[in-house]
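Reading through the structure tokens given below for one structure.
FYI, it's all coordinate maths here, none of it is from the lab. Every value quoted in this text rests on a predicted model; they were computed, and no experiment measured them. Methodologically, a virtual Cβ is constructed for each residue, glycine included, from the backbone with ideal geometry; neighbour enumeration extends over all protein chains shown.
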Amino acid sequence: MSERISPLLPGATLGILGSGQLGRMLALAARELGYRVHVYSPDTDSPAGQVADREFVGRYEDLDAVREFARTVDVVTFEFENVPSVTSAACAEIVPVRPDGRVLHVTQHRLREKGFLAEHGIPVTPFRAIRSLADLEAAAAELGLPAVLKTASFGYDGKGQQKLRRLDELPAAYARLGGAEGIFEAWVDFAKEISVVAARTAESEFRAFAPFENAHAHHILDVTFTPADITSALTDEAVQLARRILESLEVVGLLTVELFVTGDGRLLVNELAPRTHNSGHITRDACLTSQFEQQLRAVCGLPLGSVELRAPGAMANLLGDEWLAAGGVPDWAAALADPQVKLHLYGKAEPRAGRKMGHLNTTGSSVADAVERIRAARRRLTEGR
Ligand code: AMP
């Protein structure tokens, strides 16, 4: 039986652990609905802090400061899954944390995450735990090469990942783990990468955006478009997998499932993120509800919003590299010469190579039109410079 839980209505204060761009866009959505927003992270003048009502600055391990923050809010969520579990536990002594600490615990460790998925019958890339060179050699013998060796914790955007091609590379690859626990994954020769952003409320209402299709460059998301170019059967299957994952983890909030589509049309879950996702940025301009508003609704116990697509859409990330290529500030006006293109910047002062600074969104008459238009807009940022 679903339990009726009173929603936290506008006027309440949302607490966010982490203060990057995902927190910024969540804070903007929350403020549009009339919520107050407090953020907590070690950074000052952060992307989320700039648009929040209050920016708390402190270490995640400073539990007195974390509790002081939690006492000023009505609910806590996070925009960054590498928040230590003690931080979320300290908040949970005072207010609800959504999704709860268990979801964080499972998803911040690749071995726990893949183990949980495999136990629940969700298809994942074949994997092995690596705690010694002997483990690594055994995994390579059983699952074969090429393969990927990842650190079990604190990885994102391909950080802490090594591709293994030959047996003689194993000792050096193991040494590079520096004693950290690792996960060995069979190499997936995927046809495409997709993601499903889904939300679930405390009353078990579930809604998922249609899968996004993602193209990466140098391990970082480059361009996303929606709807993904997959069959409707595969779309349904991906959404059903997401539903099973959110239900078995009892997620209250929003969670993203990253999947590989294999050449023979199977789905394998690559990774979970218990939060909004870079690929979901397109929802702000292409869907009736953005992923950020959906996260807010799920966390506050409001009914979920429609995930309907207004039009095919595409998103292009803007990394610090654009500033470097432009030799200064990119030509925003040139990108916006296409009136359907929308610019979203995160308020980060320092454009470094590989750093996510913002993105461009557009809708189009078709996916191909949207993708072409967003790539052209991004090219114009540096062309005349
Ligand atoms: P991750 O940090 O696990 O999301 O990995 C970042 C990117 O590396 C993925 O989006 C893939 O493009 C690639 N990748 C990760 N794991 C594998 C794998 N087992 N086989 C092939 N490519 C992978």
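Couple of notes before you dig in:
- Antiparallel bridge percentage (DSSP; both residues within the chain; nearest 5): 80
- Here GLU383 and HIS219 are evaluated by their C-beta separation; at R0 = 25 Å the FRET efficiency comes out at 0.45.
- For LEU324 and HIS120, a Förster radius of 35 Å and the Cβ-Cβ distance give a FRET efficiency of 0.20, rounded to the nearest 0.05.
- Annotation: amide H of ASP222 within the under-5 Å range of ALA215, HIS216, ALA217, sequence separation 5 or more or interchain, hydrogens built in the peptide plane.
- Per-residue HN-Hα couplings for the stretch 317-322 [Karplus 6.51, -1.76, 1.60; θ = phi - 60°; Hz; x = Gly/Pro]: 6, 10, 9, x, 4, 5
- Gained length - ALA376 relative to THR262, 0.36 nm times residue gap less alpha-carbon distance: 38.1 nm
- Theoretical gain in end-to-end length, ARG352 to ARG131 [0.36 nm per residue, Cα-Cα removed]: 76.2 nm
- Around the amide H of ASP43, modelled in the peptide plane, lie the amide H atoms of GLY58, all under 5 Å away and 5 or more residues distant in sequence or on another chain.
- Cβ-based exposure ranking for LEU309, LEU17, in which fewest neighbours within 10 Å come first: LEU309, LEU17
- Theoretical ellipticity at 222 nm over the chain - DSSP helices of four or more residues, -39500 (n - 2.57) apiece, nearest 500: -9000 deg cm²/dmol
- Candidate cross-link partners of LYS114 among the lysines, defined by an alpha-carbon separation under 26 Å and a same-chain spacing of 8 or more, comprise LYS150, LYS159, LYS163, LYS192.
- Kirkwood-Stokes translational diffusion coefficient of the chain, alpha-carbon pairs, 25 °C, 0.890 mPa s, µm²/s: 114
- Remark: the stretch 333-350, residue by residue, has Karplus-estimated 3J(HN,Hα) of 4, 5, 5, 7, 4, 7, x, 8, 8, 10, 9, 10, 10, 9, x, 8, 6, 10 Hz, where x stands for each Gly or Pro and the curve is 6.51 cos²θ - 1.76 cosθ + 1.60 at θ = phi - 60°.
- Between amide H atoms placed 1.01 Å from N, distances below 5 Å from ALA12 occur with ARG36, all of them 5 or more places distant or on a separate chain.
- Computed E for ARG176/ALA233 - FRET, C-beta separation, R0 41 angstrom, nearest 0.05: 0.50
- Distance between the modelled labels on GLU203 and GLU93, one decimal in nanometres: 3.3 nm (7 Å Cα→Cβ projection).
- Listed values for the stretch 176-181 are Karplus-derived 3J(HN,Hα) couplings in whole Hz (6.51 cos²θ - 1.76 cosθ + 1.60, θ = phi - 60°), namely 5, 5, x, x, 6, 6, and x replaces Gly and Pro.
- Between the stretch 103-134 and the stretch 202-245, the alpha-carbon center distance in angstrom: 20
- Extension gain from LYS192 to ARG59, taking 0.36 nm per residue of separation minus the Cα-Cα distance: 44.0 nm
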